[in-house]
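Colleague: Dumping the structure here so I can ask a few things about it.
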Amino acid sequence: MSRAPGYLKSPTLLLIVVVVAYILGERLAGLMTLDALMLFMYFLGIAAALNIIMGFAGYVSFGHAVFLGIGAYTYILLVYFVPTMNSLQKMGAGLGVFAVAVVAGLAAAAVAATIGAVVLRLRGAFFAIATIGLDFAALYIVKGVVPTLNPEQFYGAQVILPSWAIVPKEDVFNAMLLTFLLVILTNYAVRRSGFGMGLLAIKEDEDAAEVLGVPTAKYKTIAFTLSAFFTGMLGAIFALNGGGVDEGIFHLGHSINMIVMIVIGGLGTVSGPIVGGIIYYWLYDLLLIHYPGLNLVILGIIVGLVVLFAPEGIIGILRKLTFQGVRLRELLE
Amino acid sequence: MVNVILDLKNVTKRFGGLVAVDEVSFSVRRGEILGLIGPNGAGKTTLFNVITGVYKPEGGRVIFKGVDITGMPAHRIAKMGIAKTHQIVKPFNDMTVLENAMIGALFGKRSGKIGMGEAREVARRMVEFVGLGEKANHLASQLTLHEKKLLEIARALSAEPELLLLDEALAGLNPREIEESLGLIKRVNEEMGVTIIMVEHVMHAVMNIAERIVVLHYGRKISEGSPEEVANDPEVITAYLGDPSLALRFVRRRGA
């Protein structure tokens with residue numbers, strides 16, 4: 001490890017700094033629209049959020065669209081119905097938005113903690129299948145409940161924010177940036193902690209981990225809850241930027257997007273979701289422009305190839321290599 | 001009175017209609033090496049799983065250091081100072097040898113009170129103690145079976161246990177590796193002061209190293225005593241060893 005050149009001491013931190021510098025640079029230069037930049041952070045953010053439970057603990061969740069949706073609906077309904085929340089979100093150039101998004105994230109986290117106590121007893125494919133069920137269950141609940149909240153104004157489960165609840169885009173951007181940083185740095189902190197080591201042990205062999213003293217049930221629930229919290233926050237800010245929310249947010253496709261990003265990038269690493277998110281964002285854009293209609297088919301094929309030939313993802317492959325006598329495994333987190 | 005570290009009282013574990021462990025009682029003295037033997041399916045591994053909290057027994061009590069730990073979750077029992085190695089090795093394959101041992105250190109006796117740096121030091125010490133120092137940065141998946149068995153021991157020792165359960169730590173090893181491992185087990189017992197219960201099929205090994213032996217047969221304890229007493233016990237001979245002269249040969253080899 002001591003042989004590593006200074007700038008290579010922590011390529012992960014370097015990557016984070018570069019990405020943040022890129023976002024800030026684009027923001028100042030104004031070449032990318034705020035919407036595009038926010039979508040970029042949103043993609044990387046949800047990938048990093050899912051990584052906490054799926055990457056570290058090895059639990060493949062197809063149910064994270066639920067947490068996106070709970071965050072989104074909580075935020076939108078809060079500012080719609082609660083005047084203090086509406087005033088709060090307009091304060092502090094984005095800090096207010098961030099604060100309301102925290103409330104929305106907590107709602108998602110509370111649901112995750114409750115559901116997690118049950119579904120996290122399932123393992124492997126059974127857990128994955130149960131979480132697919134969550135997407136559909138949430139969809140039907142929202143379709144049933146939301147329209148009754150304000151039958152005259154709401155069109156089905158769709159809630160569109162009236163002009164009095166709209167926040168300047170610059171504020172939304174700041175809140176998104178703050179949330180993005182928070183989820184990435186949380187990933188980094190988890191990776192370097194005993195908690196993270198425990199999660200990785202659970203991924204490898206849950207029974208062996210438990211006998212070694214890892215409180216597996218507690219750790220899985222914390223990871224699931226933390227993951228849902230950030231997913232909910234991101235869903236909330238994303239919805240706010242879109243000016244409202246509808247039941248489409250619960251679509252299974254959103255969950256799959258998140259999974260695809262971390263699979264491409266590399267599960268259980270800090271840099272994996274970042275790299276995977278960047279590639280996915282870029283591909284998604286590129287394919288949508290050049291091959292509209294076929295974009296998802298092509299993306300599907302690419303993902304299939306990654307799973308077949310590089311199941312560890314890009315960072316996983318890099319971690320197997322040696323650079324100037326230094327095993328990258330020791331550096332790339 | 002002898003200092004008892006573990007006390008099993010009428011422990012019973014059933015799987016459906018099968019009684020895997022049937023009213024088993026015995027005590028383990030602090031500092032000793034106790035052999036636990038019996039034919040396949042005698043309930044040895046099941047008993048280990050009851051002690052470590054993987055299974056909840058249907059009856060009886062498990063008392064460790066005077067505390068009733070019956071039915072406690074496995075991770076809490078680990079924290080109290082009981083560690084186990086697995087019969088079928090279970091290394092965390094995608095972690096290095098050192099990281100494997102760190103898991104033991106982070107969640108063992110000092111769980112919650114030990115930092116990452118200190119855990120790494122404990123882990124390194126134990127990895128070196130079992131002789132895997134040069135492989136500390138290798139992935140566990142790259143080790144040979146013998147090395148994986150040593151890693152199991154290093155990982156368990158990193159938890160700084162008072163009681164170590166070895167489940168067939170010698171199975172599948174060649175004679176030279178068995179000798180080395182026996183030396184290691186003795187050093188763990190003598191130098192670290194760890195009490196050991198070892199389930200073993202390699203007869204001469206367990207007869208050699210254990211001070212006392214408990215024999216299980218169809219889930220019941222049929223004998224307990226020194227290796228000589230057990231080997232001469234008619235019930236053990238019929239149930240397990242079969243041939244009395246064979247049993248006596250094992251005992252004689254203790255001197256050799």
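The values are calculated or read from the model by the stated rules, or taken from the named source; none is laboratory data. All values reported here derive from a predicted model rather than from experimental measurement. As a convention, Cβ positions derive from the backbone with ideal geometry for all residues, glycine included, and neighbour counts pool all protein chains shown.
Colleague: Against the condition of a type in the set (A, V, I, L, M, F, W, C) and in a loop (DSSP other than H, G, I, E, B), how does B:V19 come out, does it pass?
Modeller: Numbers: of a type in the set (A, V, I, L, M, F, W, C): yes; in a loop (DSSP other than H, G, I, E, B): no.
No.
Colleague: I'd like to verify a number: residues in the range A:212-244 that are in contact (Cβ under 8 Å) with a residue 12 or more places away in the chain and facing another protein chain (nearest Cβ under 10 Å), how many?
Modeller: First, pick out the residues of the range A:212-244 that are in contact (Cβ under 8 Å) with a residue 12 or more places away in the chain: A:214-217, A:219-241, A:243-244.
When the remaining residues are screened for being facing another protein chain (nearest Cβ under 10 Å), the result is A:214-217, A:219.
Qualifying residue count for the region: 5.
Colleague: Still on this model: If you go through the range B:22-71, how many residues are among the aliphatic types (A, V, I, L, M) and touching a helix residue (DSSP H, G or I) at 6+ places or on another chain (Cβ under 9 Å)?
Modeller: The first filter runs over the range B:22-71 and keeps only residues among the aliphatic types (A, V, I, L, M), leaving B:24, B:28, B:33-34, B:36-37, B:42, B:47, B:50-51, B:54, B:62-63, B:67, B:69.
Still in the list and also touching a helix residue (DSSP H, G or I) at 6+ places or on another chain (Cβ under 9 Å): B:24, B:33, B:36-37, B:42, B:51, B:54, B:62, B:67, B:69.
Qualifying residue count for the region: 10.
Colleague: If you take the residues of the range B:85-111 that are among the β-branched types (V, I, T) and either at the interface with chain A (Cβ under 8 Å from one of its Cβ atoms) or outside any loop (DSSP other than H, G, I, E, B) (or both), which of them is farthest from the chain's Cα centre (by Cα)?
Modeller: Residues of the range B:85-111 among the β-branched types (V, I, T): B:85, B:88-89, B:96-97, B:103.
Still in the list and also either at the interface with chain A (Cβ under 8 Å from one of its Cβ atoms) or outside any loop (DSSP other than H, G, I, E, B) (or both): B:85, B:96-97, B:103.
On the way: B:T85: 6, B:T96: 23, B:V97: 20, B:I103: 19 Å.
Checking each candidate, the answer is B:T96.
Colleague: Quick check on B:G131: is it at the interface with chain A (Cβ under 7 Å from one of its Cβ atoms), under 24 Å from B:N189 (Cβ atoms) and modelled with pLDDT under 95?
Modeller: No; evaluated as a whole, the condition is false for this residue.
Colleague: Can you tell me which residues in the range B:71-84 are more than 8 Å from every other protein chain (Cβ to nearest Cβ) and either touching a His at 6+ places or on another chain (Cβ under 9 Å) or part of a loop (DSSP other than H, G, I, E, B) (or both)?
Modeller: B:G71, B:M72, B:G81
Colleague: Between A:G232, A:G268, which is among the small types (G, A, S) and in a helix (DSSP H, G or I)?
Modeller: On the way: A:G268 fails: in a helix (DSSP H, G or I).
When all the criteria are applied, what remains is A:G232.
Colleague: Any residue in the range A:256-267 that is within 14 Å of another protein chain (Cβ to nearest Cβ) and more than 14 Å from the chain's Cα centre (by Cα)? Explain how you work it out, then say what you get.
Modeller: At the first step, the residues of the range A:256-267 found to be within 14 Å of another protein chain (Cβ to nearest Cβ) are A:266-267.
Narrowing the set further to residues that are more than 14 Å from the chain's Cα centre (by Cα) leaves A:266.
Yes, the range A:256-267 has at least one match.
Colleague: Which members of the range B:151-161 meet the condition of being farther than 14 Å from B:A136 by Cα, out of contact with any strand residue (DSSP E or B) (no Cβ under 6 Å at 6 or more places or on another chain) and not hydrophobic (A, V, I, L, M, F, W, C)?
Modeller: If the condition is that a residue be farther than 14 Å from B:A136 by Cα, out of contact with any strand residue (DSSP E or B) (no Cβ under 6 Å at 6 or more places or on another chain) and not hydrophobic (A, V, I, L, M, F, W, C), then B:E160 is the only one that fits.
Colleague: Determine whether B:A42 is touching a residue at least 12 places away in the same chain (Cβ under 8 Å) and within 10 Å of chain A (Cβ to nearest Cβ).
Modeller: On the way: touching a residue at least 12 places away in the same chain (Cβ under 8 Å): yes; within 10 Å of chain A (Cβ to nearest Cβ): no.
So B:A42 fails the test.
Colleague: I would also like to ask the following. Considering every residue within the range A:151-167, establish whether at least one is surrounded by 14 or more Cβ atoms within 10 Å (Cβ to Cβ), assigned to a helix (DSSP H, G or I) and free of Cβ contacts under 8 Å to residues at least 12 places away in the same chain.
Modeller: Scanning the range A:151-167, I find no residue that is surrounded by 14 or more Cβ atoms within 10 Å (Cβ to Cβ), assigned to a helix (DSSP H, G or I) and free of Cβ contacts under 8 Å to residues at least 12 places away in the same chain, so the answer is no.
Colleague: Between A:L37, A:L31, which is more than 29 Å from A:I132 (Cα to Cα) and either in contact with a His (Cβ under 8 Å, 6 or more places away or on another chain) or assigned to a loop (DSSP other than H, G, I, E, B) (or both)? First the steps, then the outcome.
Modeller: Details: A:L37 fails: either in contact with a His (Cβ under 8 Å, 6 or more places away or on another chain) or assigned to a loop (DSSP other than H, G, I, E, B) (or both).
The match here is A:L31.
Colleague: Now a separate question. Name the strands (runs of 3 or more DSSP E) wholly inside the range B:121-231 in which the number of residues that are surrounded by fewer than 22 Cβ atoms within 10 Å (Cβ to Cβ) and out of contact with any helix residue (DSSP H, G or I) (no Cβ under 7 Å at 6 or more places or on another chain) is 2 or more. Break it down into steps so the answer makes sense when it comes.
Modeller: Values: elements: B:163-167, B:195-199, B:212-217, B:220-225.
Filter on the range B:121-231 gives B:220-225.
Colleague: Also: Within the range A:196-211, which residues are buried (at least 21 other Cβ atoms within 10 Å of the Cβ) and either among the polar types (S, T, N, Q) or more than 9 Å from chain B (Cβ to nearest Cβ) (or both)?
Modeller: A:G196, A:L199, A:I202
Colleague: Now for a different question. If you take the residues in the range B:50-59 that are crowded, with 18+ Cβ neighbours inside 10 Å and either among the basic types (K, R) or under 23 Å from B:G225 (Cα atoms) (or both), which one is nearest to the other protein chains (Cβ to nearest Cβ)? Explain how you work it out, then say what you get.
Modeller: Step one: list which residues in the range B:50-59 are crowded, with 18+ Cβ neighbours inside 10 Å, which gives B:50-53, B:55, B:57.
Keeping just the survivors that are either among the basic types (K, R) or under 23 Å from B:G225 (Cα atoms) (or both) gives B:50-51.
Details: B:V50: 12, B:I51: 11 Å.
The qualifying residue nearest to the other protein chains (Cβ to nearest Cβ) is B:I51.
Colleague: Go through the range B:186-216 and report how many residues are more than 22 Å from B:K65 (Cβ to Cβ) and at pLDDT 90 or above. It would help to see each step written out before you state the result.
Modeller: Taking the range B:186-216 and keeping what is more than 22 Å from B:K65 (Cβ to Cβ), we get B:186-187, B:200-209, B:213, B:215-216.
After this cut, where a residue has to be at pLDDT 90 or above as well, the list is B:186-187, B:209, B:213, B:215-216.
The number of residues fulfilling the criteria is 6.
Colleague: Something else about it: In the range A:303-333, how many are surrounded by 12 or more Cβ atoms within 10 Å (Cβ to Cβ) and not in a loop (DSSP other than H, G, I, E, B)?
Modeller: Here the count works out to 15.
Colleague: Tell me, yes or no, whether the range B:145-155 has at least one residue that is away from every other protein chain (no Cβ under 14 Å) and either closer than 26 Å to A:L321 by Cα or touching a Lys or Arg at 6+ places or on another chain (Cβ under 6 Å) (or both).
Modeller: Yes: one or more hits.
Colleague: Could you tell me whether any residue of the range A:188-206 is without any contact (Cβ under 8 Å) to a residue 24 or more places away in the chain, of a type outside the set (S, T, N, Q), farther than 16 Å from A:A48 by Cα and part of a loop (DSSP other than H, G, I, E, B)?
Modeller: Yes, because at least one residue in the range A:188-206 is without any contact (Cβ under 8 Å) to a residue 24 or more places away in the chain, of a type outside the set (S, T, N, Q), farther than 16 Å from A:A48 by Cα and part of a loop (DSSP other than H, G, I, E, B).
Colleague: Can you name every residue in the range A:122-145 that is free of Cβ contacts under 8 Å to residues at least 40 places away in the same chain and outside any helix (DSSP H, G or I)?
Modeller: A:L122 - this is the single residue of the range A:122-145 that is free of Cβ contacts under 8 Å to residues at least 40 places away in the same chain and outside any helix (DSSP H, G or I).
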